[in-house]
1. What number of residues within segment 22-78 satisfy the criterion of being without any contact (Cβ under 8 Å) to a residue 60 or more places away in the chain, assigned to a strand (DSSP E or B) and either hydrophobic (A, V, I, L, M, F, W, C) or crowded, with 19+ Cβ neighbours inside 10 Å (or both)?
2. Inside segment 18-36, can you point out the residues that are within 18 Å of Phe139 (Cβ to Cβ), within 15 Å of the chain's Cα centre (by Cα) and among the hydrophobic types (A, V, I, L, M, F, W, C)?
3. Would you check which residues across segment 16-29 are within 25 Å of Cys107 (Cα to Cα) and in contact with a strand residue (DSSP E or B) (Cβ under 6 Å, 6 or more places away or on another chain) and list them?
4. From Lys170, Lys148, Lys193, grab the single residue that is out of contact with any strand residue (DSSP E or B) (no Cβ under 7 Å at 6 or more places or on another chain) and at pLDDT 95 or above.
5. Being surrounded by fewer than 18 Cβ atoms within 10 Å (Cβ to Cβ) and under 16 Å from Asp39 (Cα atoms) is the requirement here; does Asn130 meet it?
6. Any idea how many residues of segment 61-95 are under 22 Å from Glu138 (Cα atoms), among the charged types (D, E, K, R) and in contact with a strand residue (DSSP E or B) (Cβ under 7 Å, 6 or more places away or on another chain)?
7. Glu7 - would you say it is of a type outside the set (A, V, I, L, M, F, W, C), more than 23 Å from Thr197 (Cα to Cα) and modelled with pLDDT of 95 or more?
8. Quick one: Arg92 ticks every box in (1) at pLDDT 95 or above; (2) surrounded by fewer than 23 Cβ atoms within 10 Å (Cβ to Cβ); (3) under 17 Å from Ala173 (Cα atoms) bar one, so which box is it?
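The values are calculated or read from the model by the stated rules, or taken from the named source; none is laboratory data. In this text the structure is predicted, and so the values were computed from the model without any measurement. Cβ atoms come from the backbone with ideal geometry, glycine included; neighbour counts cover every protein chain shown.
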Amino acid sequence: MSERRAEISRRTAETDVTLALGLDGSGQGTRVTGVGFFDHMLDLLARHARLDLEVQVTGDLQTGAHHTVEDTGIVLGQALDRALADRRGIYRYGHAVVPMDEARASCTLDISGRPYCAFHAILPPGGIGNFDHDLAEEFFRAVAGSAKLTLHLQAEAGTNAHHIIEALFKAFARALRAAIAIDPTEPGVPSTKGTLTG
């Protein structure tokens with residue numbers, strides 16, 4: 001099997017994102033976006049999905065973290081799409097339920113070739129540092145769109161926004177880890193259509 005890796009750079013008037021991704025990793029790499037809480041969430045994602053992930057972002061943080069978070073999600077999704085190539089031999093589906101103290105989140109995903117994100121989480125107004133709570137949804141929508149994932153995320157319990165968002169990231173990571181894993185019993189693309197690339 002070829003090495004499942006991708007490197008992408010994307011520059012706009014709002015952000016400059018450089019990202020390197022290895023699907024068969026151990027959580028190595030550094031994540032520096034200028035948004036401390038988001039860096040922490042990317043660290044959790046890399047560790048629990050077993051991704052080697054290098055992220056360097058320069059963004060227009062004077063206007064808020066929206067562009068930085070969304071554009072990082074776009075580039076991560078593009079890297080996932082490229083690293084997965086034709087999706088041959090993967091499990092395709094993943095599901096995880098993760099508790100974080102009083103919070104609990106679930107994620108179900110399909111590496112389907114069809115971008116869709118259903119995000120169900122009631123988060124209070126406000127933010128953690130310069131990370132507004134509603135940016136969690138923006139990130140996951142961007143990843144699902146660019147990686148062509150069918151993604152369902154739900155906060156099932158919780159009162160602390162930090163714990164809820166952390167549980168969502170960990171549930172996504174664990175579900176992604178299961179879906180991208182190599183299935184030794186699958187010799188081709190796990191689809192009756194013969195393709196999962198759109």
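1. So the answer is 6.
2. Leu19, Leu21
3. Going through segment 16-29, the residues within 25 Å of Cys107 (Cα to Cα) turn out to be 19-29.
Selection gives Leu19, Ala20, Leu21, Gly22, Gly25, Gln28, Gly29.
4. Details: Lys170 fails: out of contact with any strand residue (DSSP E or B) (no Cβ under 7 Å at 6 or more places or on another chain); Lys193 fails: at pLDDT 95 or above.
Criteria check complete, one pass: Lys148.
5. Working: surrounded by fewer than 18 Cβ atoms within 10 Å (Cβ to Cβ): yes; under 16 Å from Asp39 (Cα atoms): yes.
In short, yes.
6. The number of residues fulfilling the criteria is 2.
7. Numbers: of a type outside the set (A, V, I, L, M, F, W, C): yes; more than 23 Å from Thr197 (Cα to Cα): no; modelled with pLDDT of 95 or more: yes.
No; evaluated as a whole, the condition is false for this residue.
8. Only one criterion in (1) at pLDDT 95 or above; (2) surrounded by fewer than 23 Cβ atoms within 10 Å (Cβ to Cβ); (3) under 17 Å from Ala173 (Cα atoms) is unmet by Arg92, namely (1).
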